[in-house]
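Student: Just dropping this structure here.
The values are calculated or read from the model by the stated rules, or taken from the named source; none is laboratory data. Source: prediction; values computed, not measured. In this analysis, Cβ positions are derived from the backbone assuming ideal geometry, glycine residues included, and neighbour counts consider all displayed protein chains. Side chains included, ligands, DNA and RNA excluded: accessible areas come from the protein's heavy atoms. Shrake-Rupley method; radii C 1.70, N 1.55, O 1.52, S 1.80 Å.
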Amino acid sequence: GCLLLISGLHFKGLDHPRLNRMAAIAANTGLLVGVPELADFKDLTIRPTVIQDARAALERLIEHPKRKHKIGIMAVSFGSLPAVSLACSPELKQHLGGVLTFGGYTNWPEVMRWTLGSDPDGPSDSVNYPVVFKLLSQHWSGIMADGQVIAQWNQYIRSTWNIEDLPAE
């Protein structure tokens with residue numbers, strides 16, 4: 001088989017140990033695995049270019065000389081946005097075998113409620129607050145012109161999203 005693995009938002013991009021582990025497990029089963037480096041997600045942003053970049057990666061996998069089967073798409077977290085977009089593309093349908101998302105966020109209000117903890121009985125994840133602010137700041141034009149606030153949020157994210165203690169294998 002063949003798998004396009006689309007990650008979620010994370011500053012480590014392709015260097016994320018859990019992403020590498022997932023790709024290695026799939027490859028060790030004999031799957032041809034493609035994992036795109038999505039610059040927007042690595043920058044902790046969501047722009048239309050993330051869908052274009054994911055599509056370019058899928059097109060490269062479609063043309064890969066070792067591909068013999070339809071391609072499955074597996075998406076993590078915010079990776080569900082480009083995954084579902086690719087799956088809805090009529091011209092790609094013939095090449096796709098299916099889509100699997102987990103932690104998939106296709107319902108933006110639900111994401112915000114979970115992330116910001118607005119459901120008093122539900123879980124929240126406060127380390128994601130700066131990402132929410134970064135995403136919203138794209139609409140604040142001149143306020144963020146100097147980049148200082150975003151640089152501080154990026155520093156906070158790098159210091160609180162610590163996963164070095166997790167095994168890479």
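Student: Name every residue in segment 131-169 that is surrounded by 11 or more Cβ atoms within 10 Å (Cβ to Cβ), modelled with pLDDT under 60 and within 19 Å of Gly8 (Cα to Cα), in order of residue number.
Tutor: Ile163, Ala168
Student: Related question: Testing Gly8 on (1) touching a helix residue (DSSP H, G or I) at 6+ places or on another chain (Cβ under 8 Å); (2) open to solvent by 40 Å² or more (accessible area, probe 1.4 Å), one condition comes back false. Which one is that?
Tutor: (2)
Student: A further question follows. Which of the residues spanning segment 1-21 are aliphatic (A, V, I, L, M) and in contact (Cβ under 8 Å) with a residue 40 or more places away in the chain?
Tutor: Leu3, Leu4, Leu5, Ile6, Leu9, Leu19
Student: Can you tell me which residues in segment 11-63 are among the basic types (Lys, Arg), closer than 19 Å to Glu91 by Cβ and surrounded by fewer than 15 Cβ atoms within 10 Å (Cβ to Cβ)?
Tutor: Once the filter is applied, which keeps residues that are among the basic types (Lys, Arg), closer than 19 Å to Glu91 by Cβ and surrounded by fewer than 15 Cβ atoms within 10 Å (Cβ to Cβ), segment 11-63 yields only Arg60.
Student: Counting only residues that are in a helix (DSSP H, G or I), more than 11 Å from the chain's Cα centre (by Cα) and of a type in the set (Gly, Ala, Ser), which one in segment 1-33 is nearest to Pro130 (Cα to Cα)?
Tutor: Taking the candidates together, the pick is Ala23.
Student: I would also like to ask the following. Looking only at segment 84-99, filter to residues that are under 14 Å from Gln52 (Cβ atoms) and under 18 Å from the mean Cα position of the chain (by Cα); which one of those is least open to solvent (accessible area, probe 1.4 Å)?
Tutor: Looking at the filtered set, the residue picked out is Leu86.
Student: Can I ask one more? Only residues that are more than 9 Å from the chain's Cα centre (by Cα) and either aromatic (Phe, Trp, Tyr) or more than 17 Å from Phe133 (Cβ to Cβ) (or both): list them for segment 34-47, please.
Tutor: Gly34, Val35, Pro36, Glu37, Ala39
Student: Filter segment 114-130 down to residues that are assigned to a helix (DSSP H, G or I) and farther than 14 Å from Leu44 by Cβ and give me whichever is modelled with the highest pLDDT.
Tutor: Leu116
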